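All remarks here apply to the structure that follows.
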There are 2 protein chains.
Amino acid sequence: MDLNDTRFNPQNCGSCPIRHRAVCARCDGDELDLLETMKFYRSFEAGQTVIWSGDRMDFVASVVTGIATLTQTMEDGRRQMVGLLLPSDFVGRPGRDSAPYDVTATTDLVMCCFRRKPFEEMMVRTPHVGQRLLEMTLDELDAAREWMLLLGRKTAREKIASLMAIIGRRDAALRLKGGKAPLVFDLPLTREAMADYLGLTLETVSRQISALRRDGVIELEGKRHVLVPDLDRLLEEAGDDTDGGLVV
Amino acid sequence: MDLNDTRFNPQNCGSCPIRHRAVCARCDGDELDLLETMKFYRSFEAGQTVIWSGDRMDFVASVVTGIATLTQTMEDGRRQMVGLLLPSDFVGRPGRDSAPYDVTATTDLVMCCFRRKPFEEMMVRTPHVGQRLLEMTLDELDAAREWMLLLGRKTAREKIASLMAIIGRRDAALRLKGGKAPLVFDLPLTREAMADYLGLTLETVSRQISALRRDGVIELEGKRHVLVPDLDRLLEEAGDDTDGGLVV
DNA sequence: GATCCACTTTGATCTGCATCATAGCAGCCC
DNA sequence: GGGCTGCTATGATGCAGATCAAAGTGGATC
(Lines give C-alpha, C1' and ligand atoms only; values in the text may rest on other atoms or scores of the structure.)
Protein backbone atom coordinates (compact mmCIF):
# COMPACT_ATOMS: atom_id res chain seq x y z
CA MET A 1 0.00 0.00 0.00
CA ASP A 2 1.15 3.52 -0.62
CA LEU A 3 -0.13 7.05 -0.41
CA ASN A 4 -2.03 6.62 -3.62
CA ASP A 5 -4.10 3.82 -2.23
CA THR A 6 -7.67 4.99 -2.02
CA ARG A 7 -7.95 3.69 1.52
CA PHE A 8 -5.27 6.07 2.68
CA ASN A 9 -6.63 9.27 4.11
CA PRO A 10 -3.84 11.66 5.07
CA GLN A 11 -6.29 13.43 7.33
CA ASN A 12 -6.12 10.39 9.55
CA CYS A 13 -2.50 11.10 10.34
CA GLY A 14 -3.30 14.62 11.47
CA SER A 15 -3.29 13.88 15.17
CA CYS A 16 -0.68 11.16 15.20
CA PRO A 17 2.85 12.03 16.22
CA ILE A 18 4.07 10.80 12.89
CA ARG A 19 2.79 13.67 10.87
CA HIS A 20 2.98 13.09 7.18
CA ARG A 21 4.38 15.58 4.77
CA ALA A 22 0.93 16.26 3.44
CA VAL A 23 -0.51 17.37 6.75
CA CYS A 24 2.28 18.57 9.00
CA ALA A 25 2.10 22.31 9.50
CA ARG A 26 4.83 22.36 12.09
CA CYS A 27 7.83 21.26 10.18
CA ASP A 28 8.89 21.54 6.60
CA GLY A 29 12.43 20.28 6.75
CA ASP A 30 14.40 17.19 6.11
CA GLU A 31 13.15 15.36 9.15
CA LEU A 32 9.82 14.72 7.47
CA ASP A 33 11.49 13.47 4.36
CA LEU A 34 13.36 11.09 6.60
CA LEU A 35 10.08 9.94 8.14
CA GLU A 36 8.61 9.35 4.71
CA THR A 37 11.49 7.07 3.76
CA MET A 38 11.14 5.11 7.02
CA LYS A 39 7.49 4.28 6.96
CA PHE A 40 5.79 1.18 5.67
CA TYR A 41 2.27 -0.13 5.75
CA ARG A 42 0.82 -3.30 7.18
CA SER A 43 -2.67 -4.65 6.59
CA PHE A 44 -4.67 -7.00 8.77
CA GLU A 45 -7.97 -8.74 8.22
CA ALA A 46 -10.86 -8.38 10.63
CA GLY A 47 -10.27 -10.68 13.59
CA GLN A 48 -6.54 -11.02 13.04
CA THR A 49 -4.20 -10.40 15.93
CA VAL A 50 -1.63 -7.68 15.32
CA ILE A 51 0.51 -8.68 18.27
CA TRP A 52 0.18 -10.77 21.40
CA SER A 53 0.84 -9.54 24.89
CA GLY A 54 4.46 -10.21 25.78
CA ASP A 55 5.62 -10.58 22.20
CA ARG A 56 8.58 -8.66 20.97
CA MET A 57 7.36 -5.45 19.34
CA ASP A 58 9.94 -3.82 17.15
CA PHE A 59 7.74 -1.21 15.53
CA VAL A 60 5.49 1.70 16.37
CA ALA A 61 2.49 2.58 14.27
CA SER A 62 -0.58 4.67 13.76
CA VAL A 63 -3.93 3.47 12.51
CA VAL A 64 -4.73 4.60 8.99
CA THR A 65 -8.07 2.87 8.45
CA GLY A 66 -10.05 0.39 10.52
CA ILE A 67 -10.36 -0.35 14.22
CA ALA A 68 -8.05 -2.16 16.59
CA THR A 69 -8.50 -3.06 20.24
CA LEU A 70 -6.12 -3.48 23.15
CA THR A 71 -7.14 -6.25 25.54
CA GLN A 72 -5.84 -7.94 28.65
CA THR A 73 -6.74 -11.51 29.48
CA MET A 74 -6.65 -13.55 32.67
CA GLU A 75 -5.63 -17.22 32.67
CA ASP A 76 -9.24 -18.34 33.01
CA GLY A 77 -10.27 -16.35 29.96
CA ARG A 78 -11.82 -13.26 31.51
CA ARG A 79 -11.11 -10.41 29.16
CA GLN A 80 -10.97 -6.65 29.58
CA MET A 81 -10.48 -4.30 26.70
CA VAL A 82 -8.21 -1.48 27.81
CA GLY A 83 -8.13 0.64 24.70
CA LEU A 84 -9.76 1.24 21.36
CA LEU A 85 -7.68 2.44 18.42
CA LEU A 86 -9.47 4.48 15.80
CA PRO A 87 -7.89 6.03 12.70
CA SER A 88 -5.09 8.45 13.69
CA ASP A 89 -4.45 6.70 17.02
CA PHE A 90 -0.93 5.68 17.86
CA VAL A 91 0.30 2.40 19.27
CA GLY A 92 3.74 1.35 20.45
CA ARG A 93 6.19 2.16 23.20
CA PRO A 94 9.42 3.84 22.36
CA GLY A 95 11.96 2.33 24.70
CA ARG A 96 9.99 -0.89 25.28
CA ASP A 97 10.75 -4.26 23.88
CA SER A 98 7.52 -6.13 24.35
CA ALA A 99 3.85 -5.46 23.93
CA PRO A 100 1.94 -5.06 27.21
CA TYR A 101 -1.39 -6.33 25.84
CA ASP A 102 -2.96 -8.04 22.86
CA VAL A 103 -3.64 -5.82 19.87
CA THR A 104 -6.39 -7.14 17.62
CA ALA A 105 -7.96 -5.88 14.41
CA THR A 106 -11.75 -5.84 14.82
CA THR A 107 -12.28 -4.64 11.27
CA ASP A 108 -9.96 -4.75 8.30
CA LEU A 109 -7.06 -2.62 9.40
CA VAL A 110 -4.22 -0.67 7.82
CA MET A 111 -1.43 0.67 9.96
CA CYS A 112 1.38 3.03 9.10
CA CYS A 113 4.48 1.58 10.77
CA PHE A 114 7.99 2.63 11.65
CA ARG A 115 10.72 0.38 12.94
CA ARG A 116 11.30 1.15 16.57
CA LYS A 117 15.04 1.70 16.65
CA PRO A 118 15.29 4.27 13.86
CA PHE A 119 12.12 5.89 15.17
CA GLU A 120 13.70 6.29 18.59
CA GLU A 121 16.84 7.76 17.06
CA MET A 122 14.71 10.13 15.09
CA MET A 123 12.90 11.14 18.30
CA VAL A 124 16.16 12.18 19.87
CA ARG A 125 17.02 14.36 16.90
CA THR A 126 13.52 15.75 16.53
CA PRO A 127 12.32 16.94 19.94
CA HIS A 128 8.81 17.91 18.93
CA VAL A 129 7.99 14.31 18.05
CA GLY A 130 8.90 13.26 21.57
CA GLN A 131 6.88 16.10 23.03
CA ARG A 132 3.90 15.22 20.90
CA LEU A 133 4.22 11.63 22.03
CA LEU A 134 4.27 12.70 25.67
CA GLU A 135 1.16 14.80 25.10
CA MET A 136 -0.61 11.87 23.47
CA THR A 137 0.43 9.48 26.21
CA LEU A 138 -0.91 11.90 28.81
CA ASP A 139 -4.19 12.05 26.85
CA GLU A 140 -4.36 8.28 26.83
CA LEU A 141 -3.68 8.22 30.55
CA ASP A 142 -6.53 10.66 31.15
CA ALA A 143 -8.80 8.53 29.00
CA ALA A 144 -7.76 5.38 30.85
CA ARG A 145 -8.53 7.02 34.18
CA GLU A 146 -11.86 8.26 32.93
CA TRP A 147 -12.55 4.67 31.97
CA MET A 148 -11.59 3.53 35.47
CA LEU A 149 -14.42 5.69 36.82
CA LEU A 150 -16.77 4.06 34.35
CA LEU A 151 -15.64 0.52 35.20
CA GLY A 152 -15.63 1.03 38.95
CA ARG A 153 -18.68 3.14 39.58
CA LYS A 154 -21.11 3.39 36.68
CA THR A 155 -24.23 1.29 36.18
CA ALA A 156 -24.71 -0.86 33.09
CA ARG A 157 -27.02 1.74 31.54
CA GLU A 158 -24.55 4.54 32.20
CA LYS A 159 -21.76 2.46 30.74
CA ILE A 160 -23.63 1.89 27.50
CA ALA A 161 -24.61 5.56 27.24
CA SER A 162 -20.98 6.58 27.86
CA LEU A 163 -19.74 4.24 25.15
CA MET A 164 -22.26 5.58 22.65
CA ALA A 165 -21.27 9.14 23.49
CA ILE A 166 -17.56 8.46 23.11
CA ILE A 167 -17.78 6.52 19.88
CA GLY A 168 -20.28 8.94 18.40
CA ARG A 169 -18.22 11.98 19.22
CA ARG A 170 -14.94 10.45 18.10
CA ASP A 171 -16.61 9.52 14.87
CA ALA A 172 -18.03 13.01 14.41
CA ALA A 173 -14.61 14.53 15.12
CA LEU A 174 -12.99 12.31 12.50
CA ARG A 175 -15.45 13.51 9.89
CA LEU A 176 -14.93 17.08 11.04
CA LYS A 177 -18.65 17.45 11.59
CA GLY A 178 -18.35 19.70 14.60
CA GLY A 179 -21.89 21.04 14.37
CA LYS A 180 -24.88 20.48 16.60
CA ALA A 181 -26.44 18.03 14.19
CA PRO A 182 -27.66 14.77 15.72
CA LEU A 183 -24.92 12.18 15.95
CA VAL A 184 -25.18 9.38 13.43
CA PHE A 185 -22.61 6.62 13.38
CA ASP A 186 -21.96 2.91 13.07
CA LEU A 187 -20.91 0.93 16.09
CA PRO A 188 -17.51 -0.53 15.25
CA LEU A 189 -17.83 -3.29 17.84
CA THR A 190 -19.90 -6.43 18.35
CA ARG A 191 -22.02 -6.70 21.49
CA GLU A 192 -19.39 -9.00 22.91
CA ALA A 193 -16.55 -6.54 22.27
CA MET A 194 -18.61 -3.79 23.91
CA ALA A 195 -19.11 -6.07 26.89
CA ASP A 196 -15.35 -6.62 27.13
CA TYR A 197 -14.80 -2.90 26.97
CA LEU A 198 -17.40 -2.07 29.61
CA GLY A 199 -16.82 -4.90 32.06
CA LEU A 200 -20.25 -6.43 31.37
CA THR A 201 -21.66 -9.53 29.69
CA LEU A 202 -22.96 -9.41 26.16
CA GLU A 203 -26.48 -10.15 27.37
CA THR A 204 -26.47 -7.10 29.62
CA VAL A 205 -25.14 -4.97 26.77
CA SER A 206 -27.93 -6.18 24.53
CA ARG A 207 -30.59 -5.55 27.17
CA GLN A 208 -29.37 -2.06 27.98
CA ILE A 209 -29.15 -1.05 24.33
CA SER A 210 -32.73 -2.23 23.92
CA ALA A 211 -33.73 -0.23 26.99
CA LEU A 212 -32.08 2.97 25.73
CA ARG A 213 -33.85 2.49 22.40
CA ARG A 214 -37.20 1.90 24.13
CA ASP A 215 -36.66 5.09 26.14
CA GLY A 216 -35.87 7.14 23.04
CA VAL A 217 -32.32 7.99 24.04
CA ILE A 218 -30.95 6.39 20.89
CA GLU A 219 -32.46 5.11 17.65
CA LEU A 220 -31.23 1.97 15.96
CA GLU A 221 -31.32 0.90 12.35
CA GLY A 222 -30.14 -2.66 12.06
CA LYS A 223 -27.78 -3.82 14.75
CA ARG A 224 -25.02 -1.32 14.24
CA HIS A 225 -26.32 1.98 12.90
CA VAL A 226 -27.07 4.48 15.67
CA LEU A 227 -28.70 7.89 15.73
CA VAL A 228 -28.59 10.09 18.80
CA PRO A 229 -31.39 12.65 18.60
CA ASP A 230 -30.32 14.55 21.71
CA LEU A 231 -26.69 14.47 22.77
CA ASP A 232 -27.34 16.24 26.07
CA ARG A 233 -29.86 13.59 27.00
CA LEU A 234 -27.34 10.89 26.21
CA LEU A 235 -24.64 12.58 28.27
CA GLU A 236 -27.05 12.86 31.16
CA GLU A 237 -27.73 9.14 30.93
CA ALA A 238 -23.97 8.60 30.85
CA GLY A 239 -23.58 10.39 34.17
CA ASP A 240 -20.97 12.68 32.66
CA ASP A 241 -20.34 15.97 34.29
CA THR A 242 -17.59 16.81 31.86
CA ASP A 243 -18.82 17.83 28.47
CA GLY A 244 -15.19 17.83 27.48
CA GLY A 245 -13.87 15.52 24.85
CA LEU A 246 -12.96 12.16 26.22
CA VAL A 247 -10.28 10.95 23.92
CA VAL A 248 -10.07 7.22 23.52
CA MET B 1 11.94 22.22 54.43
CA ASP B 2 15.31 21.54 52.95
CA LEU B 3 17.60 18.63 52.23
CA ASN B 4 18.70 18.55 55.84
CA ASP B 5 15.21 17.94 57.09
CA THR B 6 15.10 14.50 58.63
CA ARG B 7 11.96 13.65 56.72
CA PHE B 8 13.75 14.04 53.42
CA ASN B 9 15.06 10.82 52.03
CA PRO B 10 17.02 11.37 48.82
CA GLN B 11 16.46 7.74 47.96
CA ASN B 12 12.85 8.65 47.36
CA CYS B 13 13.83 10.79 44.43
CA GLY B 14 15.66 7.94 42.78
CA SER B 15 12.93 6.99 40.37
CA CYS B 16 11.45 10.43 39.85
CA PRO B 17 12.36 12.32 36.70
CA ILE B 18 13.67 15.11 38.82
CA ARG B 19 16.77 13.36 39.98
CA HIS B 20 18.54 15.16 42.75
CA ARG B 21 22.21 15.85 42.78
CA ALA B 22 22.70 13.31 45.53
CA VAL B 23 21.29 10.41 43.56
CA CYS B 24 21.54 11.11 39.87
CA ALA B 25 24.08 8.88 38.22
CA ARG B 26 23.22 10.02 34.72
CA CYS B 27 24.20 13.63 34.76
CA ASP B 28 26.76 15.61 36.62
CA GLY B 29 26.56 18.95 34.90
CA ASP B 30 25.04 22.34 35.36
CA GLU B 31 21.54 21.19 34.55
CA LEU B 32 21.23 19.54 37.95
CA ASP B 33 22.50 22.63 39.69
CA LEU B 34 19.78 24.48 37.85
CA LEU B 35 17.21 21.95 39.08
CA GLU B 36 18.41 22.38 42.63
CA THR B 37 17.88 26.14 42.47
CA MET B 38 14.38 25.70 41.03
CA LYS B 39 12.90 23.30 43.50
CA PHE B 40 10.86 24.10 46.57
CA TYR B 41 8.96 21.99 49.06
CA ARG B 42 5.30 22.01 50.04
CA SER B 43 3.78 20.21 53.01
CA PHE B 44 0.21 19.08 53.47
CA GLU B 45 -1.60 17.61 56.45
CA ALA B 46 -3.44 14.32 56.25
CA GLY B 47 -6.82 14.87 54.64
CA GLN B 48 -5.85 18.13 52.98
CA THR B 49 -6.52 18.58 49.27
CA VAL B 50 -3.44 19.38 47.21
CA ILE B 51 -5.45 20.48 44.20
CA TRP B 52 -9.00 20.15 42.90
CA SER B 53 -9.92 18.74 39.53
CA GLY B 54 -10.09 21.57 37.00
CA ASP B 55 -7.99 23.98 39.06
CA ARG B 56 -5.06 25.71 37.52
CA MET B 57 -1.92 23.71 38.23
CA ASP B 58 1.24 25.68 37.67
CA PHE B 59 3.68 23.21 39.17
CA VAL B 60 4.91 19.67 38.81
CA ALA B 61 6.10 17.67 41.78
CA SER B 62 7.29 14.39 43.15
CA VAL B 63 6.29 12.88 46.46
CA VAL B 64 9.05 12.96 49.07
CA THR B 65 7.22 11.48 52.05
CA GLY B 66 3.62 10.43 52.64
CA ILE B 67 0.79 9.24 50.41
CA ALA B 68 -1.44 11.11 48.02
CA THR B 69 -4.39 9.88 45.98
CA LEU B 70 -5.87 10.86 42.64
CA THR B 71 -9.66 10.62 42.55
CA GLN B 72 -12.49 11.35 40.17
CA THR B 73 -15.96 12.18 41.40
CA MET B 74 -19.40 12.12 39.80
CA GLU B 75 -22.01 14.78 40.57
CA ASP B 76 -23.91 12.44 42.85
CA GLY B 77 -20.84 11.73 44.91
CA ARG B 78 -19.71 8.38 43.57
CA ARG B 79 -15.94 8.34 43.78
CA GLN B 80 -13.25 6.38 42.00
CA MET B 81 -9.62 6.60 42.94
CA VAL B 82 -7.54 6.51 39.76
CA GLY B 83 -4.06 6.63 41.18
CA LEU B 84 -2.01 6.28 44.32
CA LEU B 85 1.13 8.36 44.79
CA LEU B 86 3.83 6.88 46.99
CA PRO B 87 7.23 8.41 47.72
CA SER B 88 9.17 8.97 44.48
CA ASP B 89 6.02 9.16 42.34
CA PHE B 90 5.59 12.09 40.03
CA VAL B 91 2.50 14.23 39.51
CA GLY B 92 1.82 17.00 37.03
CA ARG B 93 1.41 17.45 33.31
CA PRO B 94 3.99 19.40 31.41
CA GLY B 95 2.04 21.30 28.79
CA ARG B 96 -1.26 21.23 30.71
CA ASP B 97 -2.86 24.09 32.53
CA SER B 98 -5.37 22.38 34.75
CA ALA B 99 -5.47 19.34 36.97
CA PRO B 100 -7.52 16.46 35.56
CA TYR B 101 -8.52 15.03 38.97
CA ASP B 102 -8.47 15.78 42.67
CA VAL B 103 -5.16 15.21 44.42
CA THR B 104 -5.51 14.58 48.15
CA ALA B 105 -3.03 13.91 50.92
CA THR B 106 -4.13 10.80 52.81
CA THR B 107 -1.25 11.04 55.23
CA ASP B 108 0.97 13.99 56.08
CA LEU B 109 2.67 14.73 52.81
CA VAL B 110 5.78 16.50 51.57
CA MET B 111 6.21 17.19 47.89
CA CYS B 112 9.21 18.45 46.00
CA CYS B 113 7.87 21.00 43.52
CA PHE B 114 9.00 22.84 40.42
CA ARG B 115 7.16 25.67 38.72
CA ARG B 116 5.74 24.38 35.50
CA LYS B 117 7.02 26.97 33.03
CA PRO B 118 10.71 26.85 33.96
CA PHE B 119 10.43 23.08 34.27
CA GLU B 120 9.10 22.85 30.72
CA GLU B 121 11.89 25.06 29.46
CA MET B 122 14.39 22.90 31.28
CA MET B 123 12.84 19.81 29.63
CA VAL B 124 13.50 21.24 26.20
CA ARG B 125 17.14 21.86 27.05
CA THR B 126 17.61 18.57 28.85
CA PRO B 127 16.21 15.79 26.65
CA HIS B 128 16.73 12.94 29.07
CA VAL B 129 14.27 14.48 31.52
CA GLY B 130 11.61 14.45 28.83
CA GLN B 131 12.46 10.89 27.90
CA ARG B 132 12.33 9.82 31.51
CA LEU B 133 8.95 11.50 31.84
CA LEU B 134 7.65 9.66 28.79
CA GLU B 135 8.89 6.38 30.26
CA MET B 136 7.16 7.11 33.54
CA THR B 137 3.95 8.14 31.83
CA LEU B 138 3.96 4.89 29.85
CA ASP B 139 4.45 3.01 33.13
CA GLU B 140 1.50 4.83 34.62
CA LEU B 141 -0.56 4.03 31.56
CA ASP B 142 0.29 0.35 31.91
CA ALA B 143 -0.63 0.46 35.58
CA ALA B 144 -3.91 2.23 34.78
CA ARG B 145 -4.76 -0.44 32.22
CA GLU B 146 -3.85 -3.21 34.62
CA TRP B 147 -6.25 -1.54 37.04
CA MET B 148 -8.94 -1.51 34.37
CA LEU B 149 -8.73 -5.29 34.25
CA LEU B 150 -9.09 -5.37 38.01
CA LEU B 151 -12.08 -2.99 38.04
CA GLY B 152 -13.86 -4.62 35.15
CA ARG B 153 -13.31 -8.30 35.70
CA LYS B 154 -11.98 -9.27 39.12
CA THR B 155 -14.05 -10.44 42.07
CA ALA B 156 -14.01 -8.57 45.38
CA ARG B 157 -11.62 -11.11 46.89
CA GLU B 158 -9.26 -10.87 43.94
CA LYS B 159 -9.38 -7.10 44.12
CA ILE B 160 -8.35 -7.07 47.78
CA ALA B 161 -5.58 -9.60 47.19
CA SER B 162 -4.31 -7.54 44.24
CA LEU B 163 -4.25 -4.39 46.33
CA MET B 164 -2.32 -6.10 49.11
CA ALA B 165 0.18 -7.46 46.62
CA ILE B 166 0.73 -4.11 44.97
CA ILE B 167 1.07 -2.10 48.15
CA GLY B 168 3.23 -4.72 49.80
CA ARG B 169 5.59 -4.99 46.87
CA ARG B 170 5.84 -1.25 46.32
CA ASP B 171 6.62 -0.88 49.99
CA ALA B 172 9.26 -3.61 49.86
CA ALA B 173 10.83 -2.01 46.78
CA LEU B 174 11.04 1.35 48.55
CA ARG B 175 12.91 -0.23 51.45
CA LEU B 176 15.14 -2.08 49.01
CA LYS B 177 14.22 -5.37 50.62
CA GLY B 178 14.24 -7.40 47.45
CA GLY B 179 14.61 -10.76 49.22
CA LYS B 180 12.15 -13.58 49.55
CA ALA B 181 11.31 -12.63 53.12
CA PRO B 182 7.60 -12.45 53.92
CA LEU B 183 6.11 -9.08 53.09
CA VAL B 184 5.35 -6.91 56.08
CA PHE B 185 3.82 -3.49 55.61
CA ASP B 186 1.28 -0.97 56.84
CA LEU B 187 -1.79 -0.25 54.76
CA PRO B 188 -1.63 3.45 53.92
CA LEU B 189 -5.37 3.65 53.25
CA THR B 190 -8.60 3.47 55.23
CA ARG B 191 -11.13 0.81 54.31
CA GLU B 192 -13.16 3.51 52.60
CA ALA B 193 -10.20 4.67 50.50
CA MET B 194 -9.50 1.07 49.52
CA ALA B 195 -13.13 0.75 48.49
CA ASP B 196 -12.81 3.86 46.32
CA TYR B 197 -9.70 2.42 44.73
CA LEU B 198 -11.22 -0.98 44.05
CA GLY B 199 -14.71 0.03 42.99
CA LEU B 200 -16.30 -1.60 46.04
CA THR B 201 -18.05 -0.51 49.23
CA LEU B 202 -16.19 -0.27 52.50
CA GLU B 203 -18.29 -3.09 53.98
CA THR B 204 -17.25 -5.44 51.21
CA VAL B 205 -13.62 -4.45 51.69
CA SER B 206 -13.87 -5.20 55.39
CA ARG B 207 -15.54 -8.55 54.81
CA GLN B 208 -13.03 -9.68 52.21
CA ILE B 209 -10.07 -8.68 54.36
CA SER B 210 -11.58 -10.72 57.19
CA ALA B 211 -12.05 -13.63 54.81
CA LEU B 212 -8.44 -13.53 53.58
CA ARG B 213 -7.29 -13.42 57.19
CA ARG B 214 -9.52 -16.37 58.13
CA ASP B 215 -8.11 -18.32 55.20
CA GLY B 216 -4.52 -17.61 56.22
CA VAL B 217 -3.61 -15.65 53.10
CA ILE B 218 -2.70 -12.61 55.17
CA GLU B 219 -2.14 -11.94 58.86
CA LEU B 220 -3.31 -8.75 60.52
CA GLU B 221 -2.05 -6.95 63.57
CA GLY B 222 -4.37 -4.11 64.40
CA LYS B 223 -6.30 -2.68 61.47
CA ARG B 224 -3.39 -1.63 59.33
CA HIS B 225 -0.36 -3.83 59.85
CA VAL B 226 -0.23 -6.70 57.38
CA LEU B 227 2.01 -9.73 57.04
CA VAL B 228 1.96 -11.91 53.94
CA PRO B 229 3.41 -15.31 54.80
CA ASP B 230 3.31 -16.60 51.22
CA LEU B 231 3.48 -14.13 48.36
CA ASP B 232 2.76 -16.76 45.71
CA ARG B 233 -0.43 -17.72 47.49
CA LEU B 234 -1.46 -14.06 47.59
CA LEU B 235 -0.74 -13.60 43.88
CA GLU B 236 -2.76 -16.68 43.11
CA GLU B 237 -5.68 -15.22 45.04
CA ALA B 238 -5.19 -12.01 43.10
CA GLY B 239 -5.65 -13.85 39.81
CA ASP B 240 -2.37 -12.45 38.55
CA ASP B 241 -0.62 -14.28 35.79
CA THR B 242 2.07 -11.64 35.59
CA ASP B 243 4.59 -11.86 38.38
CA GLY B 244 6.01 -8.69 36.94
CA GLY B 245 6.09 -5.51 38.93
CA LEU B 246 2.87 -3.61 38.63
CA VAL B 247 3.88 -0.06 39.16
CA VAL B 248 1.26 2.15 40.72
C1' DG C 1 -11.06 6.30 84.11
C1' DA C 2 -14.95 8.26 81.33
C1' DT C 3 -16.48 10.19 77.12
C1' DC C 4 -16.17 10.92 72.47
C1' DC C 5 -15.32 10.17 67.68
C1' DA C 6 -13.62 8.15 63.61
C1' DC C 7 -13.02 3.94 61.85
C1' DT C 8 -14.10 -0.93 61.45
C1' DT C 9 -16.62 -5.26 61.78
C1' DT C 10 -20.50 -8.09 61.29
C1' DG C 11 -25.36 -9.30 60.35
C1' DA C 12 -29.79 -9.15 57.54
C1' DT C 13 -31.78 -8.11 53.42
C1' DC C 14 -32.14 -6.45 48.71
C1' DT C 15 -30.95 -5.90 43.82
C1' DG C 16 -28.40 -5.37 39.51
C1' DC C 17 -26.08 -7.98 36.77
C1' DA C 18 -24.37 -12.74 35.61
C1' DT C 19 -25.61 -17.09 34.19
C1' DC C 20 -28.21 -20.44 31.82
C1' DA C 21 -31.37 -21.37 28.19
C1' DT C 22 -33.82 -20.63 23.94
C1' DA C 23 -35.22 -18.39 20.02
C1' DG C 24 -34.83 -14.78 16.19
C1' DC C 25 -32.31 -12.93 12.35
C1' DA C 26 -29.27 -11.99 8.44
C1' DG C 27 -25.72 -13.35 5.44
C1' DC C 28 -23.63 -17.08 3.00
C1' DC C 29 -22.85 -21.37 0.56
C1' DC C 30 -24.57 -25.36 -1.68
C1' DG D 1 -35.09 -22.95 -1.07
C1' DG D 2 -32.73 -25.12 2.87
C1' DG D 3 -29.37 -25.43 6.05
C1' DC D 4 -25.57 -23.52 8.28
C1' DT D 5 -23.06 -20.07 11.10
C1' DG D 6 -22.19 -16.03 13.73
C1' DC D 7 -24.43 -12.55 15.99
C1' DT D 8 -28.31 -10.68 18.69
C1' DA D 9 -32.46 -10.57 21.68
C1' DT D 10 -35.03 -11.95 25.53
C1' DG D 11 -36.80 -14.83 29.30
C1' DA D 12 -35.95 -17.36 33.88
C1' DT D 13 -33.16 -17.90 37.71
C1' DG D 14 -29.16 -17.32 40.87
C1' DC D 15 -25.73 -14.92 43.34
C1' DA D 16 -21.99 -11.45 44.50
C1' DG D 17 -21.83 -7.43 46.27
C1' DA D 18 -24.70 -3.22 47.63
C1' DT D 19 -27.49 -1.35 51.09
C1' DC D 20 -29.35 -0.79 55.61
C1' DA D 21 -28.55 -1.40 60.43
C1' DA D 22 -26.15 -2.06 64.68
C1' DA D 23 -22.44 -3.06 67.50
C1' DG D 24 -17.28 -3.30 68.39
C1' DT D 25 -12.55 -1.03 68.71
C1' DG D 26 -8.98 2.01 69.77
C1' DG D 27 -6.95 6.40 70.17
C1' DA D 28 -7.49 11.24 71.73
C1' DT D 29 -9.05 14.46 75.17
C1' DC D 30 -10.70 15.89 79.43
Solvent-accessible area of A:PHE40 with every protein chain in place, 1.4 Å probe, in Å² to the nearest 10
60 Å²
Each residue of the range A:206-217 in order: what ³J(HN,Hα) in whole Hz does its phi give by Karplus 6.51 cos²θ - 1.76 cosθ + 1.60, θ = phi - 60°, with x for Gly and Pro?
4, 4, 6, 5, 4, 5, 5, 5, 4, 7, x, 6
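Using a 1.4 angstrom probe on the protein heavy atoms only, line up B:LYS223, A:LYS154 by accessible area, largest first.
B:LYS223, A:LYS154
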Can you list the equivalent-ellipsoid semi-axes of the range B:50-180, largest first and in whole Å, using the square root of 5 times each Cα gyration tensor eigenvalue?
26, 20, 15
HN-Hα J couplings of the range B:143-154 from phi, Karplus 6.51/-1.76/1.60, θ = phi - 60°, integer Hz, Gly and Pro as x?
5, 4, 6, 4, 5, 4, 4, 4, 5, x, 10, 8
With the cut-off at 28 Å, tell me which of the pairs B:LYS39/B:LYS223; A:LYS154/B:LYS223; A:LYS39/A:LYS159; A:LYS154/A:LYS223 have Cα atoms farther apart than that.
B:LYS39/B:LYS223; A:LYS154/B:LYS223; A:LYS39/A:LYS159
Quick one: net charge of A:THR190's neighbours, Cβ under 11 Å, K/R +1, D/E -1?
+1
I want to make sure I understand the PRE zone here: with the label point 7 angstrom from the Cα of B:TRP52 toward its beta carbon, which residues in the range B:104-121 have backbone N atoms less than 19 Å away?
B:104-106
What residues have an amide H closer than 5 Å to that of A:TYR101, excluding those fewer than 5 places away on the same chain, when H is modeled at 1.01 Å from N in the peptide plane?
A:GLY54
Shape of the range A:154-238 from its Cα gyration tensor (a ≥ b ≥ c, root eigenvalues): rounded if a/c is under 1.5, otherwise prolate when a/b > b/c, or oblate?
prolate
Could you pull the copy-to-copy label distances for A:TYR41, with points set 7 Å along Cα to Cβ, in nm to one decimal and sorted shortest first?
5.8
Projected label distance in nm at B:ASP76 and B:SER43, using a 7 Å step from Cα toward the beta-carbon
4.2 nm
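Sort B:THR106, A:THR37 by accessible area with a 1.4 Å probe, largest first.
Per-residue accessible area, sorted high to low, gives A:THR37, B:THR106.
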Residue by residue through the range B:123-138, the couplings from Karplus 6.51 cos²θ - 1.76 cosθ + 1.60 with θ = phi - 60°, in Hz, x for Gly and Pro, are 4, 5, 6, 10, x, 5, 5, x, 5, 4, 5, 5, 4, 5, 5, 5
By its C-alpha gyration tensor, with a ≥ b ≥ c as the square roots of the eigenvalues, how is the range B:117-187 shaped: rounded for a/c under 1.5, else prolate for a/b larger than b/c, else oblate?
oblate
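The values are calculated or read from the model by the stated rules, or taken from the named source; none is laboratory data. These numbers were taken from a predicted model, which means no experiment stands behind them. Because the Cβ atoms are built from the backbone with ideal geometry, glycine has one as well, and the counts that use them run over all protein chains shown. For the accessible areas, the whole protein counts, side chains as well, though only heavy atoms, and no ligand, DNA or RNA atoms are used. Shrake-Rupley method; radii C 1.70, N 1.55, O 1.52, S 1.80 Å.
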